[in-house]
Amino acid sequence: MREGTIQVHSDNILPIIKKWLYSDKDIFLRELVSNGCDAIRKLERLAGMGEAEKGDEKPFIHVFLDKDNKTLRVVDNGLGMTEEEVEKYITQVAFSGAEEFVKKYKDQPGDEGGIIGHFGLGFYSAFMVADTVEIDTLSYQKDAKPVHWQSKGESAYEIGEGTRAERGTTITLHISGEEAEFLEEGRIRGMLRKYCQFMPYEIFLNPKAPEEAPEPKEGEEAAKPVEPKPVNDTHPLWLKAPKDCTKEEYEQFYTELFMDFKPPLFWIHLNVDYPFNLKGILYFPQQTDKVEVQPGQVKLYNNQVYIADNIKEVVPEFLLLLKGVIDCPDLPLNVSRSFLQNDGDVQKISKHITKKVSDKLHDIFKNEREDYEKYWDDIAPFIKFGCIRDESFYERVKDIILLKSINGGYKVLSDFPKDDENQIFYASNVDQQAQYVRLFKEQNKDAAVLSHMIDSHFISFLEYKEKEMKFVRIDADISYALKSVEANSAADAAAAAFKELLGKEEVTVKAERLKNTATPAVMLIDESARRFQEMSRMYQGAPVAPAPQGTLIINLENPVVQALPTLEKDRAQLLGQYIFDLAQLGHKPLAAEEMAGFMERSAKLLAMAAGKADTAADEALPSKQPEKD
């Protein structure tokens, strides 16, 4: 056996880097600007150690566009490079100058963080949009000479003495013809806002010299020259201590970042230094759609440099319903999700964020219970989704889960009224199930309102976690509390007679004595059959289970139902069918044909009530009329 070394030829690797280094071409601007930030940060670090002179010039990064010459330039006034450093850091692919700098000065006093790049590949992202790239740089070192370097993205390059007269670096991209969009100011401004909005040094797009103010009139003070404005905010709110932030600042930051003009319900300010470095703000937004969960947006940053939105390997998936920012310098800018999934520090970060969220919820529940109940309709989808996705989160928050009552107000899950079988009744649509809700309210009985799209899943989850707990929809059973007395054999006979009168063999009919005498009948749907049908509807391509037919419950305490046996057959059939219509309407919308039949029967009953038919109809048809001689 003998050992060998794998050979990598730049002629082969550079085209691959140009095409596949990043999934989005526009990320090149982030890489070049962040390189400029690193150059400035390194200079400040060296100046702090007395190894460089920084001068009084304010640090900056300028981005210039020249559509006529098809160039894009990124200029910084950082520490610059010597010819030797250009050869070392630029021409050696994947050699990171930032990584080398951090290692070299790791034992020196001062700010140990803030250096962004670690891979040495970011510069080559420029070739994704440019045919030729030039570098003009002048090092901070005494007697350093300016350097010019250029390449067409191939293995060959040119290097020699340059003309730059000031410390720093200019990178010039000669934009290729098919990438002309990157010469548009609006496009570049949008990219800077996306990737560089919070970078630590001021970034200017096409800056001009300060405009001279007009000459003041006699007696007026001279106005100051108009200075160009940076496109970024170098001191984002999450870097401040929570105690120094005001409510107005939190809300303004939220509005500006997410363009959401509805103020957030509340927020969590993360500020962790040990065992990892983590800062950020998570906002609980108002939900505009009370039926479906609205997606959130959690932006992930590294040292104020944007990485991506909604990285679920760092931010738990259920927290992605929130909006906010997470800044974690311990995460590299460019890393595979498979790496994140297996990284122990990332998992610790994810668990810590979850804990901070649950702690905040408990704090509001304990100290601001009225506000917590006010927020519940908006935060319930997030909490329920979190419980389903992360059982450890459920264990943290199960004591503060609320159920909304049909009678108004909220009750903790563990305190919600149950029947003798430990069943909690609930309404999934209080309008459609209004008849059943009224029956409960009239008897001072309670039921929960679980009307969100996620609630069907949450109910199943709760029944799985709490084995003794059972949820039953309000139209699935006639609670013992709503019956006046238990039905007997006479009820069976009445049910059979009504079914014969109705003439619908497919309809199951039962008779009960309900406390509410005004309701002639209700339709009940078996809980298990309905859930199975709803579940089958969720899976695309799978056959949908037929809708359960349900059971018609006629109320033997209702006067109309009691009168049916005494009526002529035609009238009894008309009323029987009408009672069935009403029960159907209380349960679901009628189909077109069913609605047409209902309207026809309604017209006949109106005619009878108006005296245009037999006058016996005026008394709700209590009995047959004697025949005339």
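The values are calculated or read from the model by the stated rules, or taken from the named source; none is laboratory data. Small disclaimer: the values here were computed from a predicted structure and weren't measured. Every residue, glycine among them, receives a Cβ derived from its backbone with ideal geometry; neighbour counts consider all protein chains shown. Please note that ligands, DNA and RNA were not included when accessible areas were found on the heavy atoms of the full protein model with its side chains. Shrake-Rupley method; radii C 1.70, N 1.55, O 1.52, S 1.80 Å.
Most simply put, the range 423-531 has about 25% antiparallel DSSP beta bridges, counting only bridges with both residues inside it. Extension gain for Thr91-Lys569 works out to 162.2 nm (0.36 nm per residue, less the C-alpha to C-alpha distance).
The peptide list 233-243, 129-139, put in order of mean Cβ contacts within 10 Å with the highest first, becomes 129-139, 233-243.
Once the Cα-Cα distance is subtracted from the 0.36 nm per residue extended length, the Asp244 to Phe261 segment shows a gain of 3.8 nm.
Using θ = phi - 60° in the Karplus curve 6.51 cos²θ - 1.76 cosθ + 1.60, the 3J(HN,Hα) couplings for the range 374-379 round to 5, 7, 3, 4, 7, 8 Hz; x is entered for Gly and Pro.
Measuring only protein heavy atoms, the 1.4 Å probe finds Phe461 accessible over about 20 Å². Peptides 585-595, 374-384, ordered by how many other C-beta atoms sit within 10 Å of their residues on average, highest first, read 374-384, 585-595. Between Lys67 and Ala592, the contour length at 0.36 nm per residue exceeds the alpha carbon distance by 182.7 nm. When its C-alpha radius of gyration is set against 2.2 N^0.38 Å (N residues), the range 298-438 gives a value of 1.31. Solvent exposure of Thr82, expressed as accessible area, is near 30 Å², computed with a probe of 1.4 Å over the protein chains only. The distance separating the Cα centre of the range 408-479 from that of the range 138-186 comes to 68 Å. In terms of packing, defined here as the mean over residues of other Cβ atoms within 10 angstrom, the peptides 183-191, 435-443 line up highest first as 435-443, 183-191.
Convex hull volume of the Cα atoms of the range 406-503, normalised per residue: 146 Å³. In this rough spin-label picture, where each label sits 7 Å from Cα along the Cβ direction, the Lys208-Ala180 distance is 2.5 nm. Sequentially through the range 454-462, phi angles give Karplus couplings (6.51, -1.76, 1.60; θ = phi - 60°) of 7, 5, 4, 6, 5, 4, 4, 5, 4 Hz, Gly and Pro residues having no value and appearing as x.
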